[in-house]
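Novice: The structure's right below; bear with me while I get my questions together.
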Amino acid sequence: MDKSAFNIKLANLCGYSMMDKSDIQYEKNRYPYCALLQMMDILSDKATGTSQWKERFLPKATLYMLDNSRLSYCLEHVALTEINTPADLKAKEQVEQAKSQEFVSSESDSFDVMKEINSYQEVSFKTAPKSVILSKFLESGNYKPEELGQAEAVSVEELGKKSISADDSLDTETLALVLEKQQKYDKAISVYEKLIAKYPEKSSTFAIRISELKMKLENNKK
């Protein structure tokens, strides 16, 4: 479902074709935590006569709703869809199969909010074992363990230094400020010069910083 089709459905939450139902089912499976898609899904369930939609799917859908009164209103006014064509009948059969699998899955594996949240937590560099930190670093940097060589012991710190020195994309304003605080003025100037080329709209700001840093360098030489 593209952006325009999604906006059209937002403007008419009480009308769904069988094709709409199929598209919404697909998008909801891709983005299961989107409240609007959850709402459209249960409304289109009722509209297209999904088997036992009220008993099987309505309780879970209400968990995502910030405004259950709006959902209740739409459920009362949603138009029932006529399903007559072979294409609609086939789409309905496919949707029913998908909904049955969804229901069986939710029944066999109860939804645990905290488990979901914890699964998305970032790795803590203070508490996580070094092996975990290293594996996460390799994963984010597209390093392959076999390329490192079993005989070569590479520390997390060394890999970090290597990535920073080799990646110009890390030349950011934050990095320049860090270098300033470390009194590495020449390196900070170099970063600002690159930033001027990347962000010409901020060139005057960066030019002022370069001028100030050059004065500090001159003062340090005296």
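Novice: Looking only at residues that are of a type outside the set (Gly, Ala, Ser) and either in a loop (DSSP other than H, G, I, E, B) or not assigned by TED's automatic domain parsing to the domain that holds His77 (or both) in segment 21-53, which one is surrounded by the most Cβ atoms within 10 Å (Cβ to Cβ)?
Specialist: First, pick out the residues of segment 21-53 that are of a type outside the set (Gly, Ala, Ser): 21, 23-34, 36-43, 45-46, 48, 50, 52-53.
Right, trim to either in a loop (DSSP other than H, G, I, E, B) or not assigned by TED's automatic domain parsing to the domain that holds His77 (or both) and you get 31-34, 50, 52.
On the way: Tyr31: 10, Pro32: 13, Tyr33: 9, Cys34: 14, Thr50: 22, Gln52: 12.
Going through the qualifying residues, I end up with Thr50.
Novice: Additional query: Out of all the residues in segment 2-17, is one or more in contact (Cβ under 8 Å) with a residue 40 or more places away in the chain and closer than 16 Å to Glu102 by Cα? Spell out the reasoning first.
Specialist: Kept after step one, since they are in contact (Cβ under 8 Å) with a residue 40 or more places away in the chain, are these residues of segment 2-17: 13-17.
Of the ones still in play, those that are also closer than 16 Å to Glu102 by Cα are none.
No: segment 2-17 contains no residue that is in contact (Cβ under 8 Å) with a residue 40 or more places away in the chain and closer than 16 Å to Glu102 by Cα.
Novice: Based on what the data block shows, is Ser105 at pLDDT below 85, part of a loop (DSSP other than H, G, I, E, B) and exposed (fewer than 12 other Cβ atoms within 10 Å of the Cβ)? Outline the logic, then answer.
Specialist: Details: at pLDDT below 85: yes; part of a loop (DSSP other than H, G, I, E, B): no; exposed (fewer than 12 other Cβ atoms within 10 Å of the Cβ): yes.
Judged against the criteria, Ser105 is not a match.
The values are calculated or read from the model by the stated rules, or taken from the named source; none is laboratory data. Just so it is clear, the structure is predicted and the values come from calculations on it, not from any experiment. Neighbour counts are summed over all protein chains in view; Cβ atoms, including those assigned to glycine, are modelled from backbone coordinates with ideal geometry.
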